[in-house]
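Bear in mind these aren't lab numbers, they're just calculated from the coordinates by the rules spelled out. Note that the structure is a prediction, hence the values are computed from the model and not measured. Because the Cβ atoms are built from the backbone with ideal geometry, glycine has one as well, and the counts that use them run over all protein chains shown.
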Amino acid sequence: MAVTIREVAQRADVSIATVSRALRGHSSVSPVTRERVEAAAAELGYTLPYRPETSNSSRALRVGVIMPYIGRWYFSRVLAGIESALGDRESNVIVFRPFDRQGRRRDFLDILDPSVLDAAIIVTLAVSEREVEACRERGISLSLLGTTYPGVPNVRIDDIAACRTLTQHFIDYGHTRIGYVGNQTFDAVPRQVSEDRQLGYQQAHEANGMKIESDLLVKTDFSITGASRAVDKLLSLDNPPTAIVAESDELAFGVITAAQSHGLRIPGDLSVGGIDDHDVSEALGLTTIAQPVDSLGEVAAWQAIAGAEATASVEMPTSLIIRASSLRI
């Protein structure tokens, strides 16, 4: 069986993204780390499957990135990671947002054109069997970021575990009424991520013998304004929550803004947590589950250009960061 990049990463005790960067000679990797990675690769007999100097093609590699949003923080960071991985070779990155003004998704087959693309990275959007088979028939290498499909290389975090950890944190802090603000299923944000994170919230309650009250779960559109409306609903309850788990940091920002407009103190009256570790989360003192967003993009890019040799599934680590928005009661 062929050696994979995951085995090299384990041998060198670094991330998969670091292995990719080191073997590509990326300047962001220190000489010491590069030597360790190169030694591990040599011991295992591993080489990157794609190198510009050995490619028979004289044209630039063309990579399509399909994502539901372009300007939002998470997606811009993912794109930065993708471009970082492809930045040391001749490549063209083309970004597609496959939705019309009504939010209806276009068929990926209208976008995945082999005359335009060599590889495609689909970010947080579900793919159908028809779309996957079409890519294979057209010779377009495919990787998924944030979602999964049997037999297709993918990279993601464990969204269930992430939200379960965040919810458990508030339970450990003594909170018994914990609200949840998530995304509506008709929104362009993928259902898999939203459903997995809500499942993590529910699993934490069940593991602690706590009843899940439907009035504490509110879905809204993926915006700060939407989160504000959700908080208005939660705070109007006869027995409002003392903590709120938000599906993302951006939703958590909306939660904090809305709570403060009601005269509540964070965390004196309401504890709040999110998922992502957005660039401004530290400044706002937001408790969050951090995920390596840039590295997710880098690994997805490596998988796309590696094609059939790519590791089938890569799960990146997350970590709980406790900040000032959490309060024991």
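See the values below:
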read-out: Quotient of Cα Rg and 2.2 N^0.38 Å for the chain, N being how many residues it contains; value: 1.07
read-out: Under-5 Å amide H pairs with SER248, H placed in peptide plane, nonlocal only; value: ILE275
read-out: Crossing angle, helix 293-306 versus the chain [Cα axis fit, 0-90 degrees, rounded to tens]; value: 30 degrees
read-out: Residues of region 264-283 with amide N under 17 Å of a point placed 7 Å along Cα→Cβ from SER76; value: 276-283
read-out: Cα→Cβ-extended label distance, 7 Å offset, between GLN184 and ASP113, nm; value: 3.4 nm
read-out: Kirkwood-Stokes translational diffusion coefficient of region 289-329, alpha-carbon pairs, 10 °C, 1.306 mPa s, µm²/s; value: 126 µm²/s
read-out: Cα pair distances of region 159-290 binned at 5 Å [whole percent]; value: 2, 12, 24, 27, 23, 11, 2, 0
read-out: Relative contact order (%) - the chain, alpha-carbon pairs under 8 angstrom, separation at least six; value: 19 percent
read-out: Beta bridges per DSSP with both ends in the chain, % antiparallel, nearest 5; value: 10 percent
read-out: FRET E, pair SER313, ARG138, Förster distance 22 Å, beta-carbon r, rounded to 0.05; value: 0.45
